[in-house]
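Read through the structure below, which is laid out as structure tokens, and then see the notes.
The values are calculated or read from the model by the stated rules, or taken from the named source; none is laboratory data. Predicted model, so just to flag it, every value in this text is computed and none were measured. Note: ideal-geometry Cβ built from the backbone for every residue, glycine included; neighbour counts use all protein chains shown.
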Amino acid sequence: MKDLFENNRAWVEEINRDHPGFFEQLSRQQKPEYLWIGCADSRVPANEIVGMLPGELFVHRNVANVVVHSDLNCLSVLQFAVDYLKVKHVLVVGHYGCGGVQAAVRNDKLGLIDNWLRHVQDAQSKHYKELQTIADEHELVDKVCEINVIEQALSVCQTTVIQDAWDRGQDVTVHSCIYGLKDGLLKNLGMSVGRTDQIYPLYKQAIQDLFDSQSA
Ligand code: CO
């Protein structure tokens, strides 16, 4: 624990050196343009990956970046971010080699978390036919990681929060991205939705692209 406090002091000194008055100014208000919905995995730190300082990213993380309509925690974050902070972009960010997705794919029995990962299995089941052709487990897990991002982004689009925002003409776009643990790179999976009528065409296209890239 001692290291954490020492690191914190060093970090404060560094920020104060590079950005004098940073904390004082930020303590007055936050005005982030982005909401990041990502995996809780320690290797996927939201701010660092996209080079953002405190105040620039509103963040919600859970195991396997799942968005379900009965999760008051995630929905509250989304509602506050959209209705009050007026974020312009909601990014659903998965990552390759996700342990949660892997456990879902393998149908591992890990305890309580199995119930949460059932949502990933639901996403997987929707594309059972296409996924059947993938024999290699790593490849399958990575493909389900991609599918899970698209499905959870679809879920975000279908929330009352996003639907109501679009109905009143608010400018907010939902994106699907995936991060590579092996190279540190963030990739856009192509489903960027800014209006209700774009949801299904872009969803279908993004899913199709996933399987086209596989056979290519
Ligand atoms: Co993960």
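Answer yes or no as to whether Pro32 is more than 16 Å from the ligand (Cβ to nearest atom), within 20 Å of the chain's Cα centre (by Cα), assigned to a loop (DSSP other than H, G, I, E, B) and crowded, with 19+ Cβ neighbours inside 10 Å. Steps first, please.
Numbers: more than 16 Å from the ligand (Cβ to nearest atom): yes; within 20 Å of the chain's Cα centre (by Cα): yes; assigned to a loop (DSSP other than H, G, I, E, B): yes; crowded, with 19+ Cβ neighbours inside 10 Å: yes.
So Pro32 passes the test.
What tally of residues in the range 81-99 results from selecting those that are surrounded by fewer than 20 Cβ atoms within 10 Å (Cβ to Cβ) and touching a strand residue (DSSP E or B) at 6+ places or on another chain (Cβ under 8 Å)?
Step one: of the range 81-99, the residues surrounded by fewer than 20 Cβ atoms within 10 Å (Cβ to Cβ) are 83-86, 88-89, 96-97, 99.
Filter once more, keeping what is touching a strand residue (DSSP E or B) at 6+ places or on another chain (Cβ under 8 Å): 85, 88-89, 96.
Of the residues in that region, 4 qualify.
What number goes with the only condition from (1) out of contact with any Leu (no Cβ under 6 Å at 6 or more places or on another chain); (2) modelled with pLDDT of 95 or more; (3) surrounded by fewer than 16 Cβ atoms within 10 Å (Cβ to Cβ); (4) not in a helix (DSSP H, G or I) that Val44 does not pass?
(3)
Tell me, yes or no, whether the range 163-172 has at least one residue that is buried (at least 17 other Cβ atoms within 10 Å of the Cβ) and more than 17 Å from the chain's Cα centre (by Cα).
Let us first name the residues in the range 163-172 that are buried (at least 17 other Cβ atoms within 10 Å of the Cβ), namely 165-166, 172.
This time we only want the ones that are more than 17 Å from the chain's Cα centre (by Cα), so: 165-166.
Looking for residues that are buried (at least 17 other Cβ atoms within 10 Å of the Cβ) and more than 17 Å from the chain's Cα centre (by Cα), one finds at least one in the range 163-172, hence yes.
Which residue out of Leu140, Leu181, Leu110, Leu117 is within 16 Å of His95 (Cβ to Cβ), of a type outside the set (D, E, K, R) and assigned to a loop (DSSP other than H, G, I, E, B)? Before the answer, list the steps.
Working: Leu140 fails: assigned to a loop (DSSP other than H, G, I, E, B); Leu110 fails: within 16 Å of His95 (Cβ to Cβ); Leu117 fails: assigned to a loop (DSSP other than H, G, I, E, B).
So the residue among Leu140, Leu181, Leu110, Leu117 that is within 16 Å of His95 (Cβ to Cβ), of a type outside the set (D, E, K, R) and assigned to a loop (DSSP other than H, G, I, E, B) is Leu181.
For a quick check of your reading of the model, give me the residue pairs whose first member lies in the range 89-114 and is closer than 17 Å to Ala46 by Cβ, whose second is near the ligand (Cβ under 9 Å from one of its atoms) and assigned to a helix (DSSP H, G or I), with beta-carbon atoms closer than 8 Å and at least 6 apart or on different chains.
From residues that are closer than 17 Å to Ala46 by Cβ, the pairs are Gly94/Val101; Gly94/Cys145; His95/Cys145; Tyr96/Cys145; Cys98/Cys145.
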